[in-house]
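A short worksheet on the structure shown next.
The values are calculated or read from the model by the stated rules, or taken from the named source; none is laboratory data. If you're wondering where the values come from, they're calculated on a predicted model, not measured in any experiment. Note that we place each Cβ from the backbone using ideal geometry, even for glycine, and neighbour counts take in every protein chain shown.
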C-alpha cells in the first residue's frame, strides 16, 4: 500500500482553515487505498490520539503557522522521507528544502498545494515577501506536481514558471 504524508496543516481533526478541510476530505476519501500520515502541531491539541479514522497522526513540537511554520514544515518533510512514498505539502514555507533534497538524490514524490500568492500580501515585510516568493519558486520548480485551489493561481503558476498546475478547489469535492 502506498504511503502518503500530509504536511503543512495544524492537524486533524481540522479546526483551523481551508487546508485542514482539504486534508480531512482527502484522508476520508483515500484511507482505504493509502497508508496516510498527517503531521500535527502538538500544542494545538489537548489530546494526542495516534490515529484519526484510519490515518496516522504525528505530533511536532513546533507551531504550524507564522515564522515557526518554516521549521515545522521542514521537520515534517525530513521525517516523512523515512517512510512516505509521496509527500503532500500544503503551503510553501518549508519548500526551500526541496532543491537540497533533489540535489542530494532524493526521489520521493512531492506534491505541493501553493495556497495562493502569499508574497503579494501587504501584511508581510519586504524580507518576508522575498522569502515567500523564493519558497514559492522552490516549491513550483522542485515539486513533481503543483496544485492550485483556484484558476487564478493555476494561471499564475503556468504563466510565471511555465509549469503545469492542477486545479483542485477547496473541499476536495472533485476528487
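Taking the stretch 63-72 as the region of interest, how many residues are in a loop (DSSP other than H, G, I, E, B) and either in contact (Cβ under 8 Å) with a residue 12 or more places away in the chain or closer than 20 Å to residue 83 by Cα (or both)?
Filtering the stretch 63-72 down to residues in a loop (DSSP other than H, G, I, E, B) leaves 63-67.
When the remaining residues are screened for being either in contact (Cβ under 8 Å) with a residue 12 or more places away in the chain or closer than 20 Å to residue 83 by Cα (or both), the result is 63-65.
Total meeting the criteria: 3.
Of the residues in the stretch 75-92, none is at pLDDT below 95, out of contact with any helix residue (DSSP H, G or I) (no Cβ under 9 Å at 6 or more places or on another chain) and closer than 22 Å to residue 15 by Cα.
Consider the stretch 107-130 and keep the residues that are out of contact with any strand residue (DSSP E or B) (no Cβ under 7 Å at 6 or more places or on another chain) and in contact (Cβ under 8 Å) with a residue 12 or more places away in the chain. The one that is nearest to residue 20 (Cα to Cα) is 116.
The set of residues from the stretch 158-171 being modelled with pLDDT of 95 or more and out of contact with any helix residue (DSSP H, G or I) (no Cβ under 6 Å at 6 or more places or on another chain) comprises 158, 159, 160, 162, 164, 166. Just to be sure before I move on: is residue 44 at pLDDT below 95 and farther than 25 Å from residue 169 by Cα in the structure I sent? Against the criterion (at pLDDT below 95 and farther than 25 Å from residue 169 by Cα), residue 44 qualifies.
Only one of the listed residues (174, 150) is touching a strand residue (DSSP E or B) at 6+ places or on another chain (Cβ under 8 Å) and modelled with pLDDT under 95. That residue is 150.
Yes/no per residue for (1) under 13 Å from the mean Cα position of the chain (by Cα); (2) loosely packed, with under 15 Cβ neighbours inside 10 Å:
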residue	(1), (2)
112	yes, no
117	no, no
121	no, yes
148	yes, no
158	no, no
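Each row is one residue, and each column tells you yes or no for (1) over 25 Å from residue 154 (Cα atoms); (2) under 13 Å from the mean Cα position of the chain (by Cα); (3) crowded, with 19+ Cβ neighbours inside 10 Å.
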{"site": "79", "(1), (2), (3)": "yes, no, no"}
{"site": "83", "(1), (2), (3)": "yes, no, no"}
{"site": "90", "(1), (2), (3)": "no, yes, yes"}
{"site": "93", "(1), (2), (3)": "no, yes, yes"}
{"site": "124", "(1), (2), (3)": "no, no, no"}
{"site": "131", "(1), (2), (3)": "no, no, yes"}
